[in-house]
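*Asks:* Here you go, one structure.
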Amino acid sequence: MAVHAAIEDFAAALHPGRGIAALDLGTKTIGVAVSDRMLSVATPLQTLRRGRFRDDAAALLDIAGARDLAGFVLGLPRNMDGSEGPRAQSTRAFARNLAALTDLPIGFWDERLSTVAAERALLEADTSRKRRAEVIDHVAAGYILQGALDRIGHLRKAAG
């Protein structure tokens, strides 16, 4: 299908009654979170260790197939001033490459401060340093996904 720059276009491309996944792309890992079929609740799922793109994409598409997902939201790492640097360009390239392998729509969500929020939540839950390191990426993906889900829900209410 296509890579959608605007969350509104991504939302319009989704098949109803199916969940979506969010990805927090790091240089060494990919945090994955999934939603329910009503697109209301994000749940952190797992952190994948990055390897070759083909292997990463196959693992993500396996998750999508097993869970009957309708699309992917990728956290877009913007700078605090809203500009895009090399990490954002890398995320856009990943999206284009993934889009070549699937018909599922792919969208972006501004991930500024998602890792900070995830870290704060894990600290408040008194999570050990070792455990935080293991889960931070998929918890951050959960924050990315919940933000996107809230926006999609708002768009659907406005469309009424």
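The values are calculated or read from the model by the stated rules, or taken from the named source; none is laboratory data. Predicted, not measured: the structure shown is a model, and the values here were computed from it. Don't worry about glycine lacking a Cβ; one is built from the backbone with ideal geometry, like all the others, and counts go over all protein chains shown.
*Asks:* Please return the ranges of strands (runs of 3 or more DSSP E) entirely within region 6-96 where 3 or more residues are among the polar types (S, T, N, Q) and in contact (Cβ under 8 Å) with a residue 12 or more places away in the chain.
*Replies:* 42-49
*Asks:* Can we say S40 is small (G, A, S), in contact with a helix residue (DSSP H, G or I) (Cβ under 7 Å, 6 or more places away or on another chain) and surrounded by 21 or more Cβ atoms within 10 Å (Cβ to Cβ)?
*Replies:* For S40, the condition - small (G, A, S), in contact with a helix residue (DSSP H, G or I) (Cβ under 7 Å, 6 or more places away or on another chain) and surrounded by 21 or more Cβ atoms within 10 Å (Cβ to Cβ) - is not met.
*Asks:* I would also like to ask the following. Can you say whether A2 is surrounded by 13 or more Cβ atoms within 10 Å (Cβ to Cβ) and modelled with pLDDT of 95 or more, as far as the supplied structure shows?
*Replies:* no
*Asks:* Taking region 61-98 as the region of interest, how many residues are closer than 20 Å to S35 by Cα and not aromatic (F, W, Y)?
*Replies:* Going through region 61-98 one residue at a time, the tally reaches 17.
*Asks:* Looking only at region 44-54, count every residue that is touching a Leu at 6+ places or on another chain (Cβ under 9 Å) and more than 16 Å from W109 (Cβ to Cβ) and tell me the total.
*Replies:* Count: 4.
*Asks:* Sticking with this one: Looking at (1) surrounded by 16 or more Cβ atoms within 10 Å (Cβ to Cβ); (2) in contact with an Asp or Glu (Cβ under 9 Å, 6 or more places away or on another chain); (3) modelled with pLDDT of 95 or more, which is the one condition that is false for G26?
*Replies:* With respect to (1) surrounded by 16 or more Cβ atoms within 10 Å (Cβ to Cβ); (2) in contact with an Asp or Glu (Cβ under 9 Å, 6 or more places away or on another chain); (3) modelled with pLDDT of 95 or more, G26 is out only on (3).
Let's see how each residue does on (1) over 15 Å from the mean Cα position of the chain (by Cα); (2) modelled with pLDDT under 80:
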position	(1), (2)
I63	no, no
L69	no, no
T102	yes, no
D110	no, no
R132	yes, yes
H138	no, no
G142	no, no
R151	no, no
